[in-house]
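The values are calculated or read from the model by the stated rules, or taken from the named source; none is laboratory data. Treat the numbers as computed from the prediction; the structure is a model and nothing was measured. Cβ coordinates were reconstructed from backbone atoms using ideal geometry, including for glycine residues, and neighbour counts include every protein chain displayed. Each accessible area value is taken on the protein alone, full model and side chains, heavy atoms only, with ligands, DNA and RNA left out. Shrake-Rupley method; radii C 1.70, N 1.55, O 1.52, S 1.80 Å.
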Amino acid sequence: MTLALTFDFPSAVLSPPEPTAREREHELVVSAQRGDTESFAALVRLHQRRAYAVARAIVLTHEDAEDAVQEGFLHAFRALDRFLPDQAFGAWLNRIVANAALDITRRKKVRDADALTDTIASPFRDPAESAELRRRLTVALSTLNERQRAVIVLHDVEGFKHAEIGRLLGIPEGTARSDLHHARARLRQALSAVRSQL
Amino acid sequence: MKIERGTPHEWGDEEVTQLLRDVYASPAANASYWDTLESRIMARIASGGEAPEWWGVFHGWVRVGLAAAVLAGVLSGAALLREREAQERLAYEAVMESASVIPVAGPTIARGPSHSTRDATLRSLMGY
């Protein structure tokens, strides 16, 4: 009986365990640091969606978010030899992307709400209400400073925690909480005047 | 979300969050968008960070163009050289031919009367 049991499960005992996502990422990072661009491309595939979300939370347009993502990955590739593989690659990358996005925002400083209206599009059930809500939200978002806007989008849309947002944007966790509170209040206030009928 | 005309609607955090999520929705759910973005990122890295510009399409032709220009220069130089040599040879031959028919005194006289019209003309010109 014992022999049979031993014989029944040799593959489960002898086969190496499947690498976890973290281990797989670690292998890719080490390989990329040795100059394997295919491994870096695999890292891009793994992280580009999150990187885009981080960038999009900070900049005002889809195009700027794409630019920030490309800039971020380029900076990461160049700085790859300074990255310690035991760290979380995603967190390191997202900080770089966030900085790239902040640089773009500082360069552009777009405050024109009309320009924003064209770039922020959203499907709502009622076109008239949709347009008004979009306009109000656009105006409200444009009145937030770039840090508040990034905080509320990163928290409410992307689900980052306050501490993660703090690390991403280089601000204390308490500041992130405060920014979130003020941003929400301002958006609520701006949207509260919207009147419509359903 | 019921909003009545004429009545300010009090927005809750959940509603604001939902609105933000709608507005900041990911640009594309299909994989092709992300494949394209990945390709652009890797192309940017491969080019050393240079943003692709419209004149970038000529980069691949620079070496070919330079080689063609060098080849054209060599060929035209060789052609010019051959042309110049040919001209010099013709000039030399012309001079030598002219020198052989110039009726300088001795040999022509010694040769005696010539039957050629050319010699007659030359003799006439020289007051022979």
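In table form, for the structure just shown:
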read-out	value
Residue identified as modelled with pLDDT under 85 and either closer than 30 Å to A:L74 by Cα or open to solvent by 50 Å² or more (accessible area, probe 1.4 Å) (or both) among B:V74, B:V70, B:V62	B:V62
Some residue of segment B:6-20 being open to solvent by 40 Å² or more (accessible area, probe 1.4 Å), part of a helix (DSSP H, G or I) and either touching a Lys or Arg at 6+ places or on another chain (Cβ under 7 Å) or at pLDDT below 80 (or both)	yes
Answer from A:L43, A:L93, A:L84 - the residue that is over 22 Å from B:G48 (Cα atoms) and not charged (D, E, K, R)	A:L84
Inter-residue pairs, beta-carbon under 9 Å, first free of Cβ contacts under 8 Å to residues at least 24 places away in the same chain and in segment A:168-182, second loosely packed, with under 15 Cβ neighbours inside 10 Å, 6+ apart	A:E173/A:K161; A:E173/A:A163
Tabulated pairs, segment A:58-81, first facing another protein chain (nearest Cβ under 9 Å) and without any contact (Cβ under 8 Å) to a residue 24 or more places away in the chain, second of a type outside the set (A, V, I, L, M) and part of a helix (DSSP H, G or I), C-beta under 6 angstrom, 6+ apart or interchain	A:Q70/B:R44; A:L74/B:R44
Selection status of A:A140, over 20 Å from A:A55 (Cβ atoms), touching a helix residue (DSSP H, G or I) at 6+ places or on another chain (Cβ under 6 Å), open to solvent by less than 10 Å² (accessible area, probe 1.4 Å) and assigned to a helix (DSSP H, G or I)	yes
Selected residue (criterion: nearest to B:S26 (Cα to Cα)) from residues of segment A:42-52 that are at the interface with another protein chain (Cβ under 7 Å from one of its Cβ atoms) and open to solvent by less than 10 Å² (accessible area, probe 1.4 Å)	A:Q48
Counted residues, segment A:54-70 - those being open to solvent by 10 Å² or more (accessible area, probe 1.4 Å) and either part of a helix (DSSP H, G or I) or of a type in the set (A, V, I, L, M, F, W, C) (or both)	8
Selected residue (only one of A:R125, A:R82 is basic (K, R) and either open to solvent by less than 60 Å² (accessible area, probe 1.4 Å) or modelled with pLDDT of 70 or more (or both))	A:R82
Single unsatisfied condition, A:F73 versus (1) open to solvent by less than 10 Å² (accessible area, probe 1.4 Å); (2) under 24 Å from A:K161 (Cα atoms); (3) modelled with pLDDT under 95; (4) not charged (D, E, K, R)	(3)
